[in-house]
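Chemist: Here it is: the structure, laid out below.
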Amino acid sequence: MGLAEDLNALKEEGLALISAAGDEASLEEARIALLGRNGRVKDLQKAFGQASPEEKRELGRLFNEVQQAIKSAFEDQKDQLSAGAADAGAIDVTEPRPTHRRGSIHPISQVAQEVERVFSGMGYDIIDGPHIEEDEFNFGRLNIPEDHPARDAQDTFWLKTGKLLRTHTSSVQSRTYPIVEPPFRKVVVGKVFRYEEVDATHDNNFTQVEGFLVDKDITVGHLVGTIKTMIAAVLQRDDIEVRLRPSFFPFVEPGFEVDVRSPGSSGKFANWVELLGCGMIHPKVLSIGGIDPDVYTGFAFGMGLERLTMIRHDINDIRLFNGGDLRGLHQFKS
Ligand code: DAH
């Protein structure tokens, strides 16, 4: 057999061998057998070296062509194999991840959402105001002048600008009155801040719900009915009893503290629990806000959500809420 036939036979065999290689190891074997130092191409190269100059001229082109065909078949096959391997290693998005943990809504946010839902159902607008507040809105317009002792109970963080972090959501009342026309009903759920030493039952920021309604002929009866509805929804019970005790807040008259109990419940709510402050909006507060107290009356209430949530879920340390320890928070998946 002449060298030309040998070359053609090598080309055919070589290409077959390469395309049969199903993985990288057998492709490498084929490469060594064909192109390696003692491989078939080298053998023919040796025979080619011994050919006469005329033969060389004739066969040179064929030799290069065969060698080139084998090399490029090898490269192609290599590419195909590694593309296949990449496919096999592609991420399977449907595969369940054993370490994957679902997030959960913060327990305070859950209660906040319930409160907002209940008040939306009663026709209230859900609003908010700034955390960084002016003295005037946090105190002055709520009938708490600069030298009033009621300020002592609400020490807070002051900014160099003279502004402060709001101590209660009642500040949203003072912001709202000048810009709305009665009748209206509004509810705010938001953060408030106090200069407090942090311990198991106190934090320097917490969450309040503030509701206020202004209309003609509003009475304490409307206030009590509203509070009962809210508490029953948040505690998910229908046997809620409400008790009002006279109390003082400069922005309401009369003012009350509200205790609630649910006689059928076995937990802390079986006995009276103090939950919130409320009252009929002080005529002075209404008129500072541009609302005529001879025509309109209204009620307002403010309630801390942390305490309520702690009793509801039997949580014994308020620091759970802002502490960022997910082991605690994950227990309250809704
Ligand atoms: N702002 C009061 C506080 O943070 C709570 C409060 C009491 C709000 C009586 C009211 C209210 O709207 O009528 O201590």
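The values are calculated or read from the model by the stated rules, or taken from the named source; none is laboratory data. Remember, predicted model here, so these are calculated numbers, not experimental data. All Cβ positions, glycine included, derive from the backbone under ideal geometry; neighbour counts span all protein chains shown. Surface areas here come from the heavy atoms of the whole protein model, side chains and all, with no ligands, DNA or RNA. Shrake-Rupley method; radii C 1.70, N 1.55, O 1.52, S 1.80 Å.
Chemist: Can you list residues whose amide H is under 5 Å from F248's amide H, if they're 5+ apart or on another chain and H is modeled 1.01 Å from N?
Modeler: Hits under the 5 Å cutoff: none.
Chemist: Using alpha carbons only, what's the Rg to Rh ratio of the range 1-149 with Rh from Kirkwood?
Modeler: 1.71
Chemist: Distances longer than 18 Å among the Cα atoms of the range 3-87: what percent of all pairs is that?
Modeler: So the pairs more than 18 Å apart make up 44 percent of the total in the range 3-87.
Chemist: Expected output is a single nm value to one decimal: the length gained when fully extending between K284 and D76, i.e. 0.36 nm times separation in residues minus the C-alpha distance. What is it?
Modeler: 66.1 nm
Chemist: Follow-up question, since we're still on this one. Just to confirm, what accessible area per residue do you get for the chain at 1.4 Å probe, in whole Å²?
Modeler: 55 Å²
Chemist: Taking the alpha-carbon centroid of each part, what is the distance from the range 129-203 to the range 259-334 in angstrom?
Modeler: Taking the Cα centre of each part, the range 129-203 and the range 259-334 sit 16 Å apart.
Chemist: Rounded, prolate or oblate: pick one for the range 122-176, where a ≥ b ≥ c are the square roots of the eigenvalues of its C-alpha gyration tensor, a/c under 1.5 means rounded, and failing that, prolate if a/b is larger than b/c, else oblate.
Modeler: Working: a/c = 2.27, a/b = 1.56, b/c = 1.46.
Since a/c reaches 1.5 and a/b is larger than b/c, the shape of the range 122-176 is classed as prolate.
Chemist: For the chain, just the Cα atoms, rotate onto the principal axes and tell me the three extents in Å, largest first.
Modeler: Computed over the chain, the largest-to-smallest principal extents equal 124, 49, 38 Å.
Chemist: Arranged from highest to lowest average of other beta-carbon atoms within 10 Å per residue, in what order do the peptides 53-60, 186-193 appear?
Modeler: Going from most to least packed, we get 186-193, 53-60.
Chemist: Another question, if that's okay. Using a 1.4 Å probe on the protein heavy atoms, what percent of the accessible area of the range 3-87 belongs to carbon and sulfur?
Modeler: Carbon-and-sulfur percentage of accessible area, whole number: 49.
Chemist: Further question: Please say if the range 136-268 is rounded, prolate or oblate, where rounded means a/c under 1.5 for a ≥ b ≥ c the square roots of the C-alpha gyration tensor eigenvalues, and otherwise the choice is prolate for a/b larger than b/c and oblate otherwise?
Modeler: It is oblate, given that a/c is not under 1.5 and a/b is not larger than b/c.
Chemist: Using mean Cβ contacts within 10 Å as the protection proxy, how do 194-200, 277-283 order, highest first?
Modeler: Ranked from most to least packed, the peptides come out as 277-283, 194-200.
Chemist: What number, rounded to the nearest 500 deg cm²/dmol, is the helix-based mean residue ellipticity at 222 nm of the chain, given -39500 (n - 2.57) per DSSP H run of at least four residues and division by all its residues?
Modeler: Numbers: 12 runs with 141 residues, N = 334.
So the helix-based figure for the chain works out to -13000 deg cm²/dmol.
Chemist: Mind ranking 154-160, 232-238, 302-308 by how tightly packed they are, going by the mean number of other C-beta atoms within 10 angstrom, highest first? Provide the component values of the computation, followed by the final result.
Modeler: Details: 154-160: 13.0, 232-238: 15.7, 302-308: 21.1.
Most protected by this proxy first, the peptides run 302-308, 232-238, 154-160.
Chemist: Report, to the nearest whole %, how much of the accessible area of the range 230-312 belongs to carbon and sulfur atoms, 1.4 Å probe, protein only.
Modeler: Answer for the range 230-312: carbon and sulfur cover 50 percent of the accessible area.
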